[in-house]
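The values are calculated or read from the model by the stated rules, or taken from the named source; none is laboratory data. Keep in mind the model is a prediction, meaning the values are calculated, not measured. Note that each Cβ is placed from the backbone with ideal geometry, even for glycine, and that neighbours are counted across all protein chains shown.
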Amino acid sequence: MPPIPTAELHLHIEGTLEPDLAFALAERNGVELPYATQEELKAAYSFSDLQDFLNLYYALMTVLRTEDDFADLTNAYLARARAQGVRHAEIFFDPQAHTARGVEIDTVIRGITRALDAAPETYGITTRLIMCFLRDESAESALETFEAARPHLDRIAAVGLDSAEVGNPPSKFREVYALAREAGLKCVAHAGEEGPPAYVWEALDILGVDRVDHGVRCLEDEALVARLVADRTPLTVCPLSNVRLRVVDRLEDHPLPAMLDAGLLVTVNSDDPAYFGGYVGDNFTAVRDALGLDETTLRTLARNSFEAAFLDEGTRAAYLKEVEGWTR
Ligand code: HPA
Ligand code: ZN
């Protein structure tokens, strides 16, 4: 069965760092990892919550140091994504996680964009880049990061907000999002993963986001669901991530069907595939099997991904045609 053509809209490039590449880069850069073998590292991939995962995510990405490292990381993702049906990818990166340890933002952006520039020809994938602010860092740090990225804004489609959610509401980043919108960028934010529906309201009303990342907790607030449906605000849902970070107990209990029934524009994505047990095609297969989704529903999810993507209308129409032509 060919994989269904999709757009991946919630993907942290640092979260695609597989153990084999992490060890190879550690060796190349003379970085000491606190794990002797890949097996020992993989044994650490059992998380109690978002923070528990973030601790490993930030520790392991210290192997990323040079422009080549970021290009290699991005190419490895694109190759896997293509094999799983991804036709368009909107990719998050976390500049502060690198600048804080002395890696220049220019190095990060040049490495990633080198791979993205070749992606249409090499992998048949179109891309956008989304710069995320770490919400557990200060609002001032986000503003400094935005200014440092100004020379590269022609390469950046949108800004986003990630890292530890609870206690770091969207309103903290009002100012930097206003600057991003003034500069013509799209806006997205993680909200309603571990945080309450109030954070989704803030993302909409204070940050003016075009999409909500995760957003699964919106179901706790009827008025919020009505608002998201009325505005057709896309939600980038990450089913395997939600299980691994214990946002839901079991995939069989995932609210994806309830979200679809409510009329929400939901999409399926992989978040941090090297850590959460699968790339986007694996997420599609897992929800199909655990939730009993039929072909029509899978096609709706794929169509939603292109509807929700930051694409020009001609390209969007071409991708939607590919979805209609897909047969299992
Ligand atoms: N949530 C918040 N921050 C993140 C995530 C996530 O799932 N992945 C990487 N940073
Ligand atoms: Zn995420």
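Among the small types (Gly, Ala, Ser) and touching a Gly at 6+ places or on another chain (Cβ under 6 Å): does that describe Ala44? Here the answer is no, as Ala44 does not meet what is asked. Just wondering, is there one or more residues in the stretch 242-260 that are within 15 Å of ligand 2 (Cβ to nearest atom) and farther than 26 Å from Ser46 by Cβ? No, because not a single residue in the stretch 242-260 is within 15 Å of ligand 2 (Cβ to nearest atom) and farther than 26 Å from Ser46 by Cβ. Cβ-Cβ contacts under 6 Å between residues 6 or more apart (or on different chains), taken from a first residue in the stretch 229-241 that is among the hydrophobic types (A, V, I, L, M, F, W, C) to a second residue that is within 12 Å of ligand 2 (Cβ to nearest atom), are listed as Leu235/Val212; Leu235/Gly215; Cys238/His10; Cys238/Asn269; Cys238/Asp271; Leu240/Phe276. Determine if the stretch 225-234 includes at least one residue that is within 16 Å of ligand 2 (Cβ to nearest atom), over 21 Å from Glu14 (Cα atoms) and either among the aliphatic types (A, V, I, L, M) or at pLDDT 95 or above (or both). Within the stretch 225-234, one or more residues are within 16 Å of ligand 2 (Cβ to nearest atom), over 21 Å from Glu14 (Cα atoms) and either among the aliphatic types (A, V, I, L, M) or at pLDDT 95 or above (or both).
Assess whether Ala59 counts as being more than 12 Å from ligand 1 (Cβ to nearest atom), under 27 Å from Ala309 (Cα atoms), of a type outside the set (Val, Ile, Thr) and within 21 Å of the chain's Cα centre (by Cα). For Ala59, the condition - more than 12 Å from ligand 1 (Cβ to nearest atom), under 27 Å from Ala309 (Cα atoms), of a type outside the set (Val, Ile, Thr) and within 21 Å of the chain's Cα centre (by Cα) - is not met.
A count restricted to the stretch 158-204 and to residues that are under 20 Å from His98 (Cα atoms), away from ligand 1 (no atom under 12 Å from the Cβ) and outside any helix (DSSP H, G or I) stands at 2.
For Asp213, indicate whether it is outside any helix (DSSP H, G or I), crowded, with 21+ Cβ neighbours inside 10 Å, out of contact with any Pro (no Cβ under 6 Å at 6 or more places or on another chain) and not hydrophobic (A, V, I, L, M, F, W, C). Walk me through how you get there before you give the answer.
Values: outside any helix (DSSP H, G or I): yes; crowded, with 21+ Cβ neighbours inside 10 Å: yes; out of contact with any Pro (no Cβ under 6 Å at 6 or more places or on another chain): yes; not hydrophobic (A, V, I, L, M, F, W, C): yes.
So Asp213 passes the test.
Conditions (1) without any contact (Cβ under 8 Å) to a residue 40 or more places away in the chain; (2) of a type in the set (Gly, Ala, Ser), marked per residue:
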site	(1), (2)
Thr99	no, no
Val103	yes, no
Arg110	no, no
Gly124	no, yes
Glu147	yes, no
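When Ala274 is tested against (1) closer than 21 Å to Lys186 by Cα; (2) of a type in the set (Gly, Ala, Ser); (3) crowded, with 20+ Cβ neighbours inside 10 Å, only condition (1) is not met. Applying the condition of being within 16 Å of ligand 2 (Cβ to nearest atom) and among the small types (Gly, Ala, Ser) to the stretch 180-224 and asking which residue is farthest from Tyr279 (Cα to Cα) yields Ala203.
Please verify whether the stretch 263-278 includes one or more residues that are among the aromatic types (Phe, Trp, Tyr) and within 16 Å of ligand 2 (Cβ to nearest atom).
Just the residues of the stretch 263-278 that are among the aromatic types (Phe, Trp, Tyr), to begin with: 275-276.
Retained after the next criterion (residues that are within 16 Å of ligand 2 (Cβ to nearest atom)): 275-276.
There is at least one residue in the stretch 263-278 that is among the aromatic types (Phe, Trp, Tyr) and within 16 Å of ligand 2 (Cβ to nearest atom).
Against the condition surrounded by fewer than 24 Cβ atoms within 10 Å (Cβ to Cβ) and within 16 Å of ligand 1 (Cβ to nearest atom), how does Thr145 come out, does it pass?
Details: surrounded by fewer than 24 Cβ atoms within 10 Å (Cβ to Cβ): yes; within 16 Å of ligand 1 (Cβ to nearest atom): yes.
Taking the combined requirement at face value, the residue satisfies it.
Can you tell me which of Val108, Val103 is out of contact with any Ser or Thr (no Cβ under 7 Å at 6 or more places or on another chain), more than 19 Å from Leu11 (Cβ to Cβ) and buried (at least 21 other Cβ atoms within 10 Å of the Cβ)? Answer to the selection: Val103.
Residues in the stretch 256-281 that are within 15 Å of ligand 1 (Cβ to nearest atom) and assigned to a helix (DSSP H, G or I): 5 in all.
Inside the stretch 1-55, can you point out the residues that are within 16 Å of ligand 1 (Cβ to nearest atom) and part of a helix (DSSP H, G or I)? If the condition is that a residue be within 16 Å of ligand 1 (Cβ to nearest atom) and part of a helix (DSSP H, G or I), then Ile13, Glu14, Gly15, Thr16, Ala22, Leu50, Gln51, Asp52, Phe53, Leu54, Asn55 are the ones that fit.
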